[in-house]
Amino acid sequence: MALPPVWRVMRVAIPLISVVGLLSVRPLGASQDSGSVIPAESRPCVDCHAFEFMQRALQDLKKTAYNLDTR
C-alpha cells in the first residue's frame, strides 16, 4: 500500500527537524564561570600531558619487562 504524499514528506521531515533541533541546542554543562577558568599560561599544554603519560607508560612497560626477565 503506497503512502499518501504528505506522509512521505513527513517521514523525512520529522527526523530532519529533530536532528536540526538537537544540533542547535547548547549542552548544559558547557558554560563555565569566569572565576573558575585556569589561565592558559599556567596550565600545561595537551602535548605535555600526552608526553608525560607516554613516559609513565614506557617506564611501566620497562618495569614489567624487567620483572618478567628476572623470573
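Assess whether residue 8 counts as being at pLDDT below 75 and of a type in the set (D, E, K, R). When the stated conditions are applied, residue 8 does not pass them. For the range 20-48, the candidate set comprises residues that are open to solvent by 100 Å² or more (accessible area, probe 1.4 Å) and not in a loop (DSSP other than H, G, I, E, B); within that set, the residue that is modelled with the lowest pLDDT is 34.
The values are calculated or read from the model by the stated rules, or taken from the named source; none is laboratory data. Please read all numbers here as calculations on a predicted model, not as lab measurements. To get the accessible areas, we keep the full protein, side chains included, count just its heavy atoms, and leave off ligands, DNA and RNA. Shrake-Rupley method; radii C 1.70, N 1.55, O 1.52, S 1.80 Å.
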